[in-house]
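Taken together, the values in this text are just the output of simple stated rules run on the coordinates, not laboratory data. Please read these numbers as outputs of a predicted model, since none were measured by experiment. All Cβ positions, even for glycine, are placed from backbone atoms using ideal geometry, and neighbour counts span all protein chains on display.
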Amino acid sequence: MAFYKVTFNEKYRFATVHNYGCTFRCPFCSYKLKSGEHGKPGLSYPAPERYLKTQEIEEALSQVSIEKLYFMGGEPTVAGDLQTIIDFAKETLGISAYLGHTNGSKLPLPNLKGANVGLKAWDDNLHLAITGKKKKEIFDNFERAYREGMELKANVVYVPGLVDVDQVEGIAAWLAGLNPGIPFHIMGYIPVPGQEYERPTAEQMKEVDAACRRYLQNVAVSHIDQERALNLSSRDDRFAVTRLL
């Protein structure tokens, strides 16, 4: 069991089921900011006191009026009951389910409406070094999900000196080959403990943004610091939620 929390946003009428754990070992994972841990595959913050039962989650979701259900992590696909809850959302609640973020290792999934996929690097060897997983499997999964009609978004963490402009641009060009309208979000790296890499400058963010706009129609960038990353609800009411469970 990996799900440990359920939250609800009344204004936008969505609920989110949160999990702990990941199948990747990315050194720049922003979840590490929560605890200062580093170098531990699949772990980035203290484990929950307990995990939720499937029935508990379904009962909590049935008590609120929602239009969409999101799964967040960590990596949501590590949860053994993910598919059961996705099916419950569609077949019982009559709503759409999305992976709010995922590394793409289990896409596509039945009854899943869409996903926001973090693509880590374009170079095969770099991808393997960062994640511990081969790039081809992830990119093939993304393409398969796209061909099956899933609503897909992609994102990347821009880390100067590691996931540099050429890596981000390579991903953008590949996405454009599927559909230049796929939304692509470039996130400026937020330094995490134990890593040598520095936060990109404003000029570097402009450079990588311009490079990707040569291929894609819908590019967004974010360049926030650690304080803002740990207090997202203060700047975006989509993160202003109440805890159901």
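Here segment 152-245 is treated as a Stokes sphere of Kirkwood radius computed over C-alpha pairs; at 10 °C and 1.306 mPa s its diffusion coefficient rounds to 110 µm²/s.
Going by neighbour counts of Cβ atoms within 10 Å, the residues 185, 101 line up, fewest first, as 185, 101. With R₀ fixed at 41 Å, the C-beta to C-beta distance from residue 220 to residue 90 puts the FRET efficiency at about 0.90. Annotation for segment 172-215 versus segment 113-162: alpha-carbon center distance of 13 Å.
Think of each Lys and Arg Cβ as +1 and each Asp and Glu Cβ as -1; about the Cα centre, that makes the dipole of the chain roughly 200 debye. Answer rounded, prolate or oblate for segment 62-117, using the Cα gyration tensor with square roots of eigenvalues a ≥ b ≥ c: rounded when a/c is under 1.5, else prolate when a/b is larger than b/c, else oblate. In terms of gyration-tensor shape, prolate. Multiplying the sequence separation of residue 50 and residue 63 by 0.36 nm and subtracting their Cα-Cα distance, what value in nm do you get? So the extension gain works out to 2.5 nm. Placing a label point 7 Å from the Cα of residue 31 along the Cα-to-Cβ direction, the residues of segment 116-154 whose backbone N falls under 19 Å of that point are 116-121, 128-134, 138, 154. Looking at segment 114-245, the DSSP beta bridges with both ends there are about 5 percent antiparallel.
Note that segment 89-245 carries a Kirkwood radius of 16.8 Å, evaluated over its alpha carbons pair by pair. Dipole check for segment 44-185: with +1 at the C-beta of Lys and Arg, -1 at the C-beta of Asp and Glu, and the Cα centre as origin, the magnitude is about 120 Debye. Between residue 179 and residue 210, the simple label model (points 7 Å from Cα in the Cβ direction) yields a spacing of 3.0 nm.
For residue 206, a cut-off of 25 angstrom between C-alpha atoms picks up these lysines, skipping any fewer than 8 places away in its own chain: 120, 153. Restricting to the chain, what percent of DSSP beta bridges are antiparallel, rounded to 5? If we restrict to bridges inside the chain, about 25 percent are antiparallel. Comparing Cα centroids, segment 1-18 and segment 59-82 end up 6 angstrom apart. For segment 1-130, the convex hull drawn through the C-alpha positions has a volume of 110 cubic angstrom per residue.
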